[in-house]
Structure formats: C-alpha cells, structure tokens
Amino acid sequence: MPAAAAAAAPPNPNVLQLAPRLRGLVSFPSSYSSSSPFSNRLRLRLPRAASMSAEARVPVAPPAHPTYDLKAVINLALSEDAGDRGDVSCLATIPSDVKAEATFIAKEDGVVAGISLADMIFKQVDPSLKVEWFESDGNYVHKGLQFGRVYGCARNIIVAERVVLNFMQRMSGIATMTKAMADAAHPACILETRKTAPGLRLVDKWAVLIGGGKNHRIGLFDMVMIKDNHISVAGGITNAMKFVDRFLAKEKLALPVEVETRTLQEVKDLLEYAAENNTSLTRIMLDNMVVPLGNGDIDVSMLKDAVELINGRFETEASGNVTIDTVKKIGETGVTYISSGALTHSVKALDISLKIDTELALQVGRRTNRA
C-alpha cells in the first residue's frame, strides 16, 4: 500500500469550510454538533446512481505471459505517484478515517475497458474499499453515464484515482478503436502488433481482446516471425524459411511460424519452398500490398492476387496502410487477419472521471459538453 494510504494525519479545521457547500451530500454522526471540532467520523454520502442493467459479459482474461507481473506493474504505477512522501495533498486536507463514495462517469462515448484491472488496483491500495460496477468490460458507454462507484477511505480512493483512470482511459481508447476496426474488418480478424507502450504490453493487448480483436504474438518468444531484416541477413526468403525449419526441428519446438512477404515473387518463392519441403510455416504476412491512391482510396489488387496465389494453404495477414477508413476494403479481399499498430501506438484515450461530488461534476461536464 502506498505511503499516503497508510499514513495518518490530524484533522484539519480548514476542511470545515467545505461543510456549507456539501450540506445535503454529507451525513453527520448523531453525536456531532456544529460547535464541535471536525469529526474524524464524518462520512461523505452522495446520491446513488439510478439502477442500471449492464449487458452481461464473460470476463475477458489478460493474455498469458511467462514473466509478466501485472501486480508489479500496478505497484510501479502507484509508487511513481507516491514517491517518498505519499499523497501530501490528502495528508493535508483529509482526516485518515473520513469515508467517501466516488462515481465513475464516462465523459464521451466508447467501449469501456479496464474494469477488472481497476478492481486489482483498488484491492492493492486498500482491500477494504467496496467497488460496484453497472457495466462490464467491453460494454458500450455513452457520455454522462455513471457506470461504477467505489466506497471507503477517502484518502485511499483518491490515492488510487489517477492510476485507475490512467489505465482505464488508455484501455478504453484501445478497446473503442479495436471494436470499430473489428466490425469493419469482418470477416477478417483484427490484430494488434508489438507497438505497445513499454511496460504495458499485456495491458494494451488485454484491451484489444476486450474490444473484440485477437492478439498477435505477445513477444519474441511465442512465435517465429521472419521479417524483412531477417530475410535480408539470411540471404533471401527461402533460406530464412529453411533455417527456421532446421532450428525448430533441432530444438524440438512447436511454434507458429509467420513470414513477411513484400512482393508477389516472394509469395511465389515461399509457396514453392513449402510445396517441396515439410515446413513449419503457418501464416504469410502480405506487407504493404495495400497501395494508397491520391483520392484517398486504396488499391487492393496486389493483395487480392497474393491471397489467390496462397489459395487457403496458409493463413494470411495484411499489414500496412490499415486505418479505420481502409480496413473494410482490406477485409473484403479474403485475408485471414489484418494487423494494425495504430490500435496501440497512437490511440486516443477515452475520457473518464471519478468524482465524489457527482452532481457538481455533471454540471461542469454539461457546461463543457463532456457529460
């Protein structure tokens, strides 16, 4: 638990200045009198959101990884916030046993993601916090929707707040874009790449799953992926594939194998090798075979030709010039997969807030067109 969550501080009389504005949002203990010092037992009570029925979804588990420690990632995020003093703002203004209820508010439309991760963060900060959700990971939320709340120690809610929101906003942005791309790409499946934020590989790829996409390789260890630089060093695509088959046989490894092709001739060379050898090849990447045109459209004829050459003998993956505007046309070529680095490398976060004074937050949100 961060230092700010554990440390105690004496009551601050200046907090009494909040009482007039919070009248009606605050319930005082029966023993409290207006002339008494500020009570450590003060509990902030907010109107509960209207009952909502969320679309039931099976929770999406994060991708498996042999060394990735999600709890350590959470602790790192909390510790970089707490530093060596903890939350000095909370220590200065909020007595240690004041309790509050805070509400999650969507400030724009999108697919919410990171709810399961938020539960983990709240639990690491303070296991006594009570968290309730009205929506599930993968559900669509609209601007102004109150979709969850957390109740407990006010200090610890605020300590967790920014870390929870940073993860949820990024994950929800990824999930929102993935959902849009996956719907447009059908019947092809949408994949992300390894172009993820350093240290957040599993978090980013988890969000893709929540958004309805599928995961490409998690890292360098779970798939053999022969790209242009490997091919150049190996002396050609046939040599590279030959070396892969020898390596996997020698090491007794059973791994999926994907090879990047950049020309129709490379596709033909690879298919010829596969026809003549017992190969481990499972997927052929068709890289930059989508050609952008001056009018904003794309030419997918080369991609179609490559798919026809392969003729279902191997999985196919289109890569390059993939955007929300081009993905539908690419998906119609018959490729199995479409990969897009933009799902994670330049995603726009979905705006979400966590507010104790919900009514005031909504007033401000409406004033700024964010609720």
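Taken together, the values in this text are just the output of simple stated rules run on the coordinates, not laboratory data. Every value quoted in this text rests on a predicted model; they were computed, and no experiment measured them. Because the Cβ atoms are built from the backbone with ideal geometry, glycine has one as well, and the counts that use them run over all protein chains shown.
What to note about this one:
- Between K348 and Q265, the FRET efficiency from the beta-carbon distance, with R0 = 51 Å, is close to 0.85.
- Spin-label zone in the stretch 312-335 - amide nitrogen under 19 Å from a point set 7 Å from the Cα of Y140 along the C-beta vector: 324-325, 328
- Estimated FRET transfer efficiency when R0 is 22 angstrom, pair S232-E272 (beta carbons, to 0.05): 0.65
- Descending semi-axes in Å of the stretch 81-230, equivalent ellipsoid built from Cα gyration tensor: 34, 20, 11
- Alpha-carbon centroid distance for the pair the stretch 139-193 / the stretch 257-282, whole angstrom: 39
- Taking label positions 7 Å along the Cα-Cβ direction at both K304 and Q363, the computed distance is 6.0 nm, reported to one decimal.
- Remark: the L248-R194 segment gains 17.2 nm on full extension, using 0.36 nm per residue and subtracting the alpha carbon distance.
- Of the peptides 222-230, 99-107, 62-70, the order by per-residue mean of other Cβ atoms within 10 Å, starting with the highest, comes out as 99-107, 222-230, 62-70.
- Taking 0.36 nm per residue of separation and subtracting the current Cα-Cα distance, fully stretching the chain between V88 and E132 would add 13.1 nm.
- In terms of overall dimensions, the C-alpha atoms belonging to the stretch 179-344 reach 43, 38, 26 Å along their principal axes, ordered largest to smallest.
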